[in-house]
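Nothing in this text is a laboratory measurement; each read-out follows from the coordinates by a stated rule. Owing to the predicted nature of the structure, the values given are computational and were not obtained by experimental measurement. Positions of Cβ are backbone-derived with ideal geometry, glycine not excepted, and every protein chain shown enters the neighbour counts.
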Amino acid sequence: MIFKRFRSPRITTVIGKGTQIVGDLHFTGGLHIDGTIRGDVSASADDLATLTVSEVGKIEGEVRVAHILLNGTVIGDVYGSQRVELAEKARVTGTVYYKLLEMAMGAEVNGKLTHSDDLEQRRLSFDGEESEVEDPAVAEES
């Protein structure tokens, strides 16, 4: 199988060094992170969406993006539905799910590497309604 050389889309959003975002981040196009994100990072279902994390960038949360170029730190699971590239200073604490993986000497994964051709991840749905969960101990007393 021959893979085409990936050309990342133009970077449309930059999180600069010294910037910290607390909360989830959803983007389209290209995102470059030099700062810190404390929350989940995800992209639209676009197969061209690309996340680049520089060696000073850090994410504390789950990452779900088609193309991931990582040279910084991720504490959380990484889901790359198309390609994950771990550069020499990449540090991941969590499981890396990938379709195509490129890993440079020096990159670290403290977790598992899991290959999958179909990375449409199952997400738990929440319908917005609260439901009471019956306590079995209470049910037996009735």
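Observations
- Only the Cβ atoms of Lys and Arg (+1) and of Asp and Glu (-1) were treated as charged; on that basis the dipole of region 11-120 about its Cα centre amounts to roughly 320 debye.
- Region 27-80, relative contact order in percent, only Cα pairs under 8 angstrom and at least six apart counted: 34 percent
- Dipole-positive endmost among 94, 44, 12 within region 1-120 (Cβ charges, Cα centre): 12
- Using only Cα coordinates, the Kirkwood hydrodynamic radius of region 41-87 works out to 10.4 Å.
- For region 11-120, Kirkwood radius (reciprocal of mean inverse C-alpha pair distance, Å): 13.3 Å
- Region 70-121, Cα convex hull volume normalised per residue, Å³: 58 Å³
- Cβ crowding within 10 Å, taken as a proxy for footprinting-reagent exposure, orders 51, 101 from fewest neighbours to most as 101, 51.
- Descending semi-axes in Å of region 12-64, equivalent ellipsoid built from Cα gyration tensor: 17, 12, 9
- Label-to-label distance for residue 10 and residue 22 is 3.5 nm, based on points extended 7 Å past Cα in the beta-carbon direction.
- Under the criterion of Cα pairs below 8 Å and six or more residues apart, the relative contact order for region 11-120 equals 17 percent.
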